[in-house]
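Below is one structure; the comments refer to it alone.
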Amino acid sequence: MNILLLSGSSRNGSFNTALLDSAASLLKDCQTSRFAIEQLPFYSDSLDGDNRPAVVRDFITAVEQADALLIATPEYNYSIPAVLKNALDWASRPAFVSPMKGKPVAIVSASPAISGGIQAQAHLKHVLAGMLANSYPSPAFCVGQSHNVINNGKLQDSETEQRLAGYLEGFLHWLETGRL
């Protein structure tokens with residue numbers, strides 16, 4: 001199983017990137033890869049099609065080759081960050097036949113706020129539905145008050161790590177069987 005990991009945060013010391021690092025270490029039987037989405041130019045129809053920059057073509061190839069995606073998103077104003085929305089806009093083209101159509105996607109989030117990014121996850125699921133992606137229909141995995149459990153870029157709370165392991169185990173089961 002090849003899982004593409006995308007962090008919606010480009011911040012040094014990102015809680016969401018740290019969450020992806022922990023997820024990658026828990027996905028021992030899977031091949032994981034990453035793509036630094038902050039290097040993508042802002043989506044423009046004039047850059048699409050035959051005019052796609054090489055970095056965009058590389059990103060689309062990474063999405064195409066992935067069996068599934070795991071996205072970690074922070075929450076900005078009850079929504080997803082622009083860098084993540086931009087990457088999804090690129091991956092959504094061409095409409096209705098993009099590499100995201102039918103692509104299984106799991107979502108996690110970490111935030112210093114007590115809500116842990118739940119509003120961003122809801123918005124992201126809405127965006128993914130518009131792309132015809134297949135969101136993992138599990139209760140949300142959020143890490144609230146992430147500054148208390150993630151330090152120096154590492155998840156350092158065994159209870160949160162166990163919850164993440166259970167979430168990922170459920171995701172893999174859903175990928176393999178189509179059932180929760």
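The values are calculated or read from the model by the stated rules, or taken from the named source; none is laboratory data. In this text, all values refer to a predicted model and were calculated from it rather than measured experimentally. FYI the Cβ positions are ideal-geometry reconstructions off the backbone, even for glycines, and counts take in every protein chain you see. Just the protein is used for accessible areas: all its heavy atoms, side chains included, with ligands, DNA and RNA removed. Shrake-Rupley method; radii C 1.70, N 1.55, O 1.52, S 1.80 Å.
Each Cα pair under 8 Å and six or more residues apart adds its separation to the average, and for the chain the resulting relative contact order is 24 percent. Along its principal axes, the stretch 64-180 has C-alpha extents of 42, 34, 22 angstrom, given from the largest down.
When the trypsin sites (Lys or Arg not before Pro) in the stretch 99-180 are filtered for DSSP coil states and for at most 12 other beta-carbon atoms within 10 Å of their beta-carbon, the remaining sites are 179. Projecting the Cα atoms of 135, 155, 167 onto the dipole axis of the chain, where Lys and Arg carry +1 and Asp and Glu carry -1 at the beta carbon, places 135 farthest toward the positive end. Ranking 157, 48 by solvent-accessible area of protein heavy atoms (1.4 Å probe, all protein chains present), from largest to smallest, gives 157, 48. When only the Cβ of Lys, Arg, Asp and Glu is charged (+1, +1, -1, -1), the dipole of the chain relative to its Cα centre reaches about 160 debye.
Tell me the chymotrypsin sites (Phe, Trp or Tyr not before Pro) within the stretch 1-77 that lie in a loop according to DSSP and have at most 16 other beta-carbon atoms within 10 Å.
For chymotrypsin sites (Phe, Trp or Tyr not before Pro) across the stretch 1-77 that sit outside H, G, I, E and B with at most 16 neighbouring Cβ atoms in 10 Å, the list reads 42.
Protein heavy-atom accessible surface, 1.4 Å probe, per residue over the chain: 49 Å². For the stretch 167-177, backbone phi angles converted through the Karplus equation (6.51, -1.76, 1.60; θ = phi - 60°) give residue-by-residue couplings of 4, 5, 4, x, 4, 5, 4, 4, 4, 7, 10 Hz, Gly and Pro being listed as x. Its relative contact order, with pairs defined as Cα atoms under 8 Å and 6+ residues apart, puts the stretch 62-123 at 47 percent. Its DSSP H runs of at least 4 residues, each contributing -39,500 (n - 2.57), put the calculated 222 nm mean residue ellipticity of the chain at -12000 deg cm²/dmol, to the nearest 500. Taking a virtual spin label 7 Å from the Cα of residue 159 along the C-beta vector, which residues in the stretch 133-147 bring their backbone nitrogen under 14 Å of it? Answer for the stretch 133-147: 143-146. Looking at the stretch 1-78, none of the GluC sites (Glu not before Pro) sits in a DSSP loop with at most 11 other Cβ atoms within 10 Å of its own Cβ. Listed by chain and number, the aspartates and glutamates whose alpha-carbon sits under 19 Å from that of residue 125, ignoring those within fewer than 8 places in the same chain, are 67, 75, 89. Of all DSSP bridge pairs formed entirely within the stretch 41-162, close to 25 percent run antiparallel. Summarising the amide proton neighbourhood of residue 76: residues at separation of 5 or more, or on other chains, whose placed amide H is nearer than 5 Å comprise an empty set. A cut-off of 5 Å between modelled amide H atoms, ignoring neighbours fewer than 5 places along the same chain, links residue 150 with 156.
Residues in the stretch 49-64 carry Karplus couplings, in order, of x, 5, 9, 4, x, 4, 5, 5, 4, 5, 5, 4, 4, 4, 5, 4 Hz; the curve used is 6.51 cos²θ - 1.76 cosθ + 1.60 with θ = phi - 60°, and Gly or Pro positions show x. Placing +1 on the Cβ of every Lys and Arg and -1 on the Cβ of every Asp and Glu, with nothing else charged, gives the stretch 1-53 a dipole about its Cα centre of roughly 240 debye. For the stretch 4-10, 3J(HN,Hα) computed residue by residue from phi via the Karplus equation (6.51, -1.76, 1.60; θ = phi - 60°) reads 8, 9, 10, 9, x, 10, 9 Hz, glycine and proline entered as x.
Taking all protein chains as shown and a probe of 1.4 angstrom, residue 30 keeps an accessible surface of around 30 Å². Label positions at residue 129 and residue 11, each projected 7 Å from the Cα along the C-beta direction, are separated by 2.8 nm. Helix 15-26 and the long axis of the chain differ in direction by around 80°, with both axes built from C-alpha atoms.
With every protein chain kept in the model, how would you rank 172, 69 by accessible area, 1.4 Å probe, largest at the top?
172, 69
Against the chain, whose longest principal axis comes from its Cα atoms, helix 118-130 is set at around 30 degrees.
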